[in-house]
Amino acid sequence: MITSDILGYSWLSLKGYKSRTLLMLLAMSISVASVLLLTALGEGARRYVNGEFASLGTNLVIVLPGRSETAGMGLNTMMGVTPRDLTLEDARALQRHSAITRIAPLNVGAAEASWQSRKREVTIMGSTQELLTLRHWKLASGSFLPDTEWDRATPVCVIGKKIRDEIFGAHSALGQWIRLGQNRYRVIGVMASEGRSIGIDVQELVIIPVASAQALFNTPSLFRILIESKSREAMQKVIEFTENTIKQRHHGELDVTVITQDAVLKTFDNILSALTYGVGGIAAISLAVAGILIMNVMLVAVSQRTAEIGLLKALGASRQKILVLILTEAMQLSLLGVFFGFILGLGGSWGIRSALPELQAYPPLWAILASFGVAMLTGLLFSLLPATKASKLDPVRALQGH
Amino acid sequence: MIKLEHIHRDFQVGDQTVHALDDINLEITQGEYLSVMGPSGSGKSTLLNLIGMLDHATSGSYSLADQNITEMDEQQEAQIRNKYIGFVFQAFHLIPRLSAAENIELPLVLAGIAPSVRQPKVEQALQAMNLVDRAHHKPDQLSGGQRQRVAIARATITEPSVLLADEPTGNLDQKSGEDVIDTLESLNKKGITLIIVTHDHHLGKRSARAIKMLDGRIESDQANG
Ligand SMILES: Nc1ncnc2c1ncn2[C@@H]1O[C@H](COP(=O)(O)OP(=O)(O)O)[C@@H](O)[C@H]1O
Ligand SMILES: [Mg+2]
């Protein structure tokens, strides 16, 4: 038989038994879709966490006050429980190393911002000029914090886009003086960047010089020191240098935690990857269950068509040809199931992305390939038995419908 | 052409052995017209199935067109069947989802013949069987006589040397039955070896050679005329 005839013949059989075909398609496509959807969710979660950390910048070493035993994972390190102050002098002491390209001390607090009659509560970040480059942020207009001595409390601020829109509306923000707490600051720039980092929305941020923030919040202690290493390779050296320097300055006690985003990211990445593989695997099992359904339905199909198979033999079809015909039918069915499953799964993950834009729920390539492979393989394996049974039918008895 | 020597075909039913064919010796030459008659259960269908290689002898030897069938494997048999044998059944055995033309085409499709070659042959067969205007009808849209003519067209599309018909008129009324027999006989006149199993004595008399079977044996084998 020529290939197009084999395909045509099995296609007509599929069309000839619509309810059986639809039932199998349903089982197949739902399983395939669930593989895609579940892995898309897992992958989306992984990407979300990845993105959250990637926004911190690459080659970043972060110093937090307080010591956590499992560096990088403890909740209290993330919250910043403070045993001994981390100061501007600590940060300055770190500037000397050749592998360190940039340093940004960080101070965070909240205050009420007001301009004319408009008021709102804002998050204020105190830092230095290098923060902009270090965090890969972009300005929409104006300039970032001036390059001055760190301890000079210049009364200027850079504001996030949302703050600009809410406080200034149609007015131009640049050059205006806004009040933060008791002090007045001149707006010198507006941030263009969107997105979040360490849980803070850049659009809702007001950035002022670190010394101004220390004065505003009335505390010398820093929230973080962000350090950018020259290269990925130099990270370890930078960490060691940082720990030694701080230890020396804090009377021989290492009371800070030095983390890299890599370490944290890896942990999350591993957990979420494992999760994705896990749900993918479970969904793949449902695909195998669909395979058992396929086997049963194909067995019924073969017994329904006993006389036809007998006839094919009488017309000169060998066992092998019958085998090929039935297997082709099962393969077509699987392929169709995969096709509809892809539509369902990809459509579903598109739906998730529309509903939750933060979650980049794309099914990973391996899940797409695997669900295709598993579907075709189960289709083949589970139709092997019915097909073999059909090919071995005694033509005389088959023609009598036994 | 066809040569059966000491053919036995036993069936095991429970702990009883049924001798469906009991020492059959039969020689048929190319172009003969044979009728096989006999009471129900006398082994007529078994004989026909054996000649058509749908069934195999328990013992004895069978050769078709000077080829020893007894020693062939399944694949070779299928090929020989496709090339030399045409079957016509009492129950038509048309595939319901295929049109008349597609049913007729099936043996060519199974033989792997290209569509461009098949097309004219099917066309011609439809014409010969007077079915041109029914070409695209499904079997359930055809009368019994038309269905059997589709089956005959299908059986002869590969131009086989032997046409085996097992009670071809059994499901037909008198008139369509005669039409079908006429069709089969005209094929025989063109050179095909025709073997018809029938209950109809009138039909049995029309054939050049008549075989009567009883209990798996050939009771008589005589020329009409
Ligand atoms: N598959 C089978 N299993 C058991 N017995 C069978 C089988 N096929 C035929 N027979 C028996 O063989 C004998 C001949 O059957 P068959 O050739 O069909 O007779 P006919 O066609 O002349 O009516 C009968 O007794 C029948 O019961
Ligand atoms: Mg019979």
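Bear in mind that the values in this text are calculations on the coordinates, not laboratory data. What you see is a predicted model; the values in this text were computed from it and never measured. Ideal geometry is used to build each Cβ from the backbone, glycine not excepted, and the neighbour counts take in all protein chains shown.
Some observations on this one:
- Tabulated pairs, the stretch A:149-169, first free of Cβ contacts under 8 Å to residues at least 60 places away in the same chain and among the acidic types (D, E), second assigned to a strand (DSSP E or B) and surrounded by fewer than 17 Cβ atoms within 10 Å (Cβ to Cβ), C-beta under 7 angstrom, 6+ apart or interchain: A:E166/A:R120
This table checks each residue for (1) within 16 Å of ligand 1 (Cβ to nearest atom); (2) within 26 Å of the chain's Cα centre (by Cα); (3) on the phi > 0 side of the Ramachandran plot.
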{"site": "A:E308", "(1), (2), (3)": "no, no, no"}
{"site": "A:A314", "(1), (2), (3)": "yes, no, no"}
{"site": "A:S383", "(1), (2), (3)": "no, no, no"}
{"site": "A:K389", "(1), (2), (3)": "no, no, no"}
{"site": "A:G401", "(1), (2), (3)": "yes, no, yes"}
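- Look at (1) more than 16 Å from ligand 1 (Cβ to nearest atom); (2) more than 7 Å from chain A (Cβ to nearest Cβ); (3) in contact with a helix residue (DSSP H, G or I) (Cβ under 7 Å, 6 or more places away or on another chain) and you find that B:V88 fails only one, number (1).
- Which numbered condition A:A355 fails, given (1) touching a residue at least 60 places away in the same chain (Cβ under 8 Å); (2) under 49 Å from the mean Cα position of the chain (by Cα): (1)
- Checked against (1) buried (at least 22 other Cβ atoms within 10 Å of the Cβ); (2) within 16 Å of ligand 2 (Cβ to nearest atom); (3) not charged (D, E, K, R), B:V150 passes all but condition (2).
- Subset of the stretch A:317-346 (residues that are of a type in the set (A, V, I, L, M, F, W, C) and closer than 20 Å to A:L36 by Cβ): A:L333, A:L335, A:L336, A:V338, A:F339, A:F340, A:F342, A:I343, A:L344, A:L346
- Subset of the stretch B:6-57 that is more than 14 Å from chain A (Cβ to nearest Cβ), in a loop (DSSP other than H, G, I, E, B) and more than 16 Å from ligand 2 (Cβ to nearest atom) - its residue that is farthest from the chain's Cα centre (by Cα): B:D15
- Checking every residue in the stretch A:250-266 against the condition of being among the hydroxyl-bearing types (S, T, Y) and part of a helix (DSSP H, G or I) gives zero matches.
- Where helices (runs of 4 or more DSSP H) fall entirely within the stretch B:115-225, those with at least 1 residues that are under 17 Å from B:I85 (Cα atoms) are at B:115-128, B:144-156, B:174-189.
- Residue satisfying condition, being buried (at least 22 other Cβ atoms within 10 Å of the Cβ) and over 30 Å from B:P139 (Cα atoms), within set B:I2, B:I85, B:I7, B:I28: B:I7
- Sole exception among (1) assigned to a helix (DSSP H, G or I); (2) surrounded by fewer than 21 Cβ atoms within 10 Å (Cβ to Cβ) for B:A91, by number: (1)
- Taken over the stretch B:153-184, the criterion of being surrounded by fewer than 17 Cβ atoms within 10 Å (Cβ to Cβ), in contact (Cβ under 8 Å) with a residue 12 or more places away in the chain and polar (S, T, N, Q) is satisfied by B:N171 alone.
- Against the conditions (1) within 8 Å of chain A (Cβ to nearest Cβ); (2) part of a helix (DSSP H, G or I), B:P96 satisfies every one except (2).
- Any hit, the stretch A:312-324, residues being within 14 Å of chain B (Cβ to nearest Cβ), outside any helix (DSSP H, G or I), of a type in the set (S, T, Y) and buried (at least 20 other Cβ atoms within 10 Å of the Cβ): yes
- The number of residues in the stretch A:284-306 that are of a type in the set (G, A, S) and surrounded by fewer than 20 Cβ atoms within 10 Å (Cβ to Cβ) comes to 3.
- Any hit, the stretch A:21-43, residues being within 14 Å of another protein chain (Cβ to nearest Cβ) and in a helix (DSSP H, G or I): yes
- B:D215 among the acidic types (D, E) and farther than 22 Å from B:A128 by Cα: yes
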